[in-house]
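Colleague: Supplied in structure tokens, the structure appears directly below.
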Number of protein chains: 2
Amino acid sequence: MKAKIIITPKKAVLDPQGKTVQSALDHMGYKGVTGVHVGKYIEIDLVAGTDKAAATKALNDAAHKFLSNPVIEDYRLEIVD
Amino acid sequence: MKAKIIITPKKAVLDPQGKTVQSALDHMGYKGVTGVHVGKYIEIDLVAGTDKAAATKALNDAAHKFLSNPVIEDYRLEIVD
């Protein structure tokens, strides 16, 4: 069982890393890019048979409290078997 | 149209950030965690109507050449409408 957390900067927040990747892609000759957002990806392996609802609750809590900064970042949590 | 690239350290490579998150989760009281891997998430907005095959090829190239370090990282590319 695995949990996947994707943390991205909020749309209104400056994303210098994204801007850098966007201009790099442009310089590389790839022209169809209108925006790039760079975030963090956290994959958490859970003990088999973990209760999905309890894990979701605990990880939402963790993501909100210390994995992301809710002032400037959004996160998505997904639990897969 | 969007491309999503997830870059993770290869399994054999030390992942100190992952270890830190794992021990933090443990200290926080969440005990069912057997491993944590921290990687990068890049979301690329593409002009509507971009040719999917061409975009896949160009972005695979970009991911291999400068978005990831193929010696120590793996990446997954996904293009969604």
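Rule-based calculations on the coordinates, nothing more; no lab input. Note that this is a predicted model, so its numbers are computed, not measured. Neighbour counts run over all protein chains shown; Cβ positions are idealised from the backbone, glycine included.
Colleague: Magnitude of the Cβ-charge dipole of chain A, K/R +1 and D/E -1, about the Cα centre, nearest 20 debye? Walk me through the intermediate numbers first.
Modeller: Working: 11 positive and 10 negative charges, 42 e Å.
Using only the charged Cβ atoms, the result is roughly 200 debye.
Colleague: While we're here: Excluding residues fewer than 8 places away in the same chain, name every one of the aspartates and glutamates whose C-alpha is closer than 20 Å to that of B:Lys11.
Modeller: A:Glu43, A:Asp45, A:Asp81, B:Glu73, B:Asp74
Colleague: Angle between the Cα long axis of helix B:52-62 and the longest principal axis of chain B, 0 to 90 degrees, nearest 10?
Modeller: The angle comes out at about 50 degrees.
Colleague: Amide H neighbours of A:Asp15 under 5 Å, counting only residues 5+ apart in sequence or on other chains, H built in-plane at 1.01 Å?
Modeller: Residues meeting the criterion, in which the H sits 1.01 Å from N, do not exist here.
Colleague: Listed here are the pairs A:Lys65/B:Lys65; A:Lys19/A:Lys52; B:Lys19/B:Lys57; B:Lys2/B:Lys31; A:Lys57/B:Lys19; which of them are more than 30 Å apart at the Cα?
Modeller: Details: A:Lys65/B:Lys65 35 Å; A:Lys19/A:Lys52 37 Å; B:Lys19/B:Lys57 34 Å; B:Lys2/B:Lys31 36 Å; A:Lys57/B:Lys19 22 Å.
Where the Cα-Cα span goes over 30 Å, the pairs concerned are A:Lys65/B:Lys65; A:Lys19/A:Lys52; B:Lys19/B:Lys57; B:Lys2/B:Lys31.
Colleague: Considering all projection directions equally, how large on average is the shadow of the alpha-carbon convex hull of the protein assembly as shown, in square nanometres? Could you put the intermediate results ahead of the total?
Modeller: On the way: hull surface 40.1 nm².
Directional mean of the projected Cα hull area for the protein assembly as shown stands at 10.0 nm².
Colleague: What number, in nm² with one decimal, is the all-direction average of the projected area of the convex hull of the alpha-carbon atoms of chain B? All intermediate terms of the calculation are to be shown ahead of the outcome.
Modeller: Details: hull surface 26.1 nm².
The directionally averaged projection comes out at 6.5 nm².
Colleague: While we're looking at this one, here's another question. What do you get for the angle between helix B:16-27 and the principal long axis of chain B? Use alpha-carbon atoms, 0 to 90 degrees, nearest ten.
Modeller: That works out to roughly 50 degrees.
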